[in-house]
Amino acid sequence: MERLFAAPVPLPATVPRSVCSESCPSGYRQAAMEGKPACCFDCILCSQGEIADNESVRCLPCPEDQWSNEKHDRCVPKGIDVLSYEEALGLILTITAAFLTALTASVLCVFIKYRDTTIVKANNRGLSFALLLSLIFCFLCTFVFVGSPRKFTCMLRQTVFGIVFSISVSSVLAKTIVVVTAFKATNPNSRARKWLGSKTPWSIVVSCSLAQVLICVIWLLTSPPFPELNTKSSKEKIIFACNEGDTIFFYCMLGYMGLLATVSFVVAFLSRNLPGRFNEAKLITFSMLVFVSVWISFIPAYLSTRGKYMVAVEVFAILCSSAGLLGCIFFPKCYIILLKPTNNNKLYLVGKLRSIK
């Protein structure tokens, strides 16, 4: 009976602690320590895109459309990477494109108003109107690149850009060839005079542009661009962009445009010493130099970027090259038309020609 009512054994004041490691906090995995018991381990933070709870031996990867939070204890949806109107970059490009469109339209209005003046007529006003209209569409096509991609906009982006730019460069090439031919055909018996008809420049524009149209039509029929949610190119974001389909057609389109620009530059450069008041050879040389330089710089920049910055690089190249054509070819003429109207007459131009000769 005494044993039954013996005093209880007193419990220790504190619970004994194990000599092993404590549990790792959430976001860390257990890593065994070499030469130590199995209960001894280090806590190592999970890598980006992986999570773990406080008892995990290893980290678990998040699904493709999710990413780990800062604590690496749960997966959160990835952000969508797209060049939109709401962010600063997209807004700046949009405002710039709108301003340049309005500026080009203003230059076109000036040329239409003063279409019967000497300087407008001397530089083939028909081609000037065509070039200004195509430049307006070049600036406008940048709006298709901003915003969330859709099937229709993806099909329009590169094809419209390629066709409109080919028309612009073809117009420049036609202006250059007509100018050179005009100075080679000063002799009434020259065979080059038969190339000075009104059909010649438009034949150049149409034939050169049709080749680009053919490339784009085959592209759309065989492997058209389409919108795509890309979860592999970037680990932290989902890239929402246009998949160009068969990239061979994309580079064929760029290559053909580059060929036209190169031919225009070479022809204009070789004829740069012709009288400056009667032709645009020097102006075209500078404009094509800017154009070619922009697109040569575009290719490595385009290939080295991803997501919205890739789209922004292309939009920037479109704006810069179009602005180069507008500024180099038309601003000097607008200066004479608006600020030096006394120089916008045949006698002044003939005098300049004679002084050069």
(message) I need the helices (runs of 4 or more DSSP H) fully contained in the stretch 87-182, keeping only those with at least 1 residues that are modelled with pLDDT of 90 or more, over 25 Å from residue 341 (Cα atoms) and open to solvent by 10 Å² or more (accessible area, probe 1.4 Å).
(response) 88-113, 125-140
(request) Give the stretch 214-227 a look and list any residue that's loosely packed, with under 15 Cβ neighbours inside 10 Å and either free of Cβ contacts under 8 Å to residues at least 60 places away in the same chain or not in a strand (DSSP E or B) (or both), or say none. (result) 214, 217, 218, 221, 222
(request) Would you be able to say whether some residue in the stretch 53-71 is under 30 Å from residue 329 (Cα atoms) and among the hydrophobic types (A, V, I, L, M, F, W, C)? (result) no
(request) Return only the number of the condition from (1) modelled with pLDDT of 85 or more; (2) loosely packed, with under 13 Cβ neighbours inside 10 Å; (3) more than 16 Å from the chain's Cα centre (by Cα); (4) hydrophobic (A, V, I, L, M, F, W, C) that residue 57 does not satisfy. (result) (1)
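Within the stretch 271-308, count every residue that is touching a strand residue (DSSP E or B) at 6+ places or on another chain (Cβ under 9 Å) and either in a helix (DSSP H, G or I) or at pLDDT 90 or above (or both).
The qualifying residues number 1.
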(message) Can you tell me which condition residue 95 does not meet? The list is (1) more than 29 Å from residue 205 (Cα to Cα); (2) in contact (Cβ under 8 Å) with a residue 24 or more places away in the chain; (3) within 30 Å of the chain's Cα centre (by Cα), and all the others hold.
(response) (2)
(request) Go over the candidates 92, 51, 44, 80 one by one and state the one that is out of contact with any strand residue (DSSP E or B) (no Cβ under 7 Å at 6 or more places or on another chain) and either β-branched (Val, Ile, Thr) or under 30 Å from residue 164 (Cα atoms) (or both). (result) 92
(request) Out of the residues in the stretch 66-86 that are free of Cβ contacts under 8 Å to residues at least 12 places away in the same chain and acidic (Asp, Glu), state the one that is nearest to residue 53 (Cα to Cα). (result) 70
(request) Tell me which of these residue 321 doesn't satisfy, since it passes every other one: (1) of a type outside the set (A, V, I, L, M); (2) under 23 Å from residue 213 (Cβ atoms); (3) surrounded by fewer than 19 Cβ atoms within 10 Å (Cβ to Cβ). (result) (3)
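The values are calculated or read from the model by the stated rules, or taken from the named source; none is laboratory data. Fair warning: this is a prediction, and the values are worked out from it, not measured in the lab. Quick reminder, even Gly has a Cβ in these numbers, built from the backbone with ideal geometry, and neighbours come from all protein chains shown. Surface areas here come from the heavy atoms of the whole protein model, side chains and all, with no ligands, DNA or RNA. Shrake-Rupley method; radii C 1.70, N 1.55, O 1.52, S 1.80 Å.
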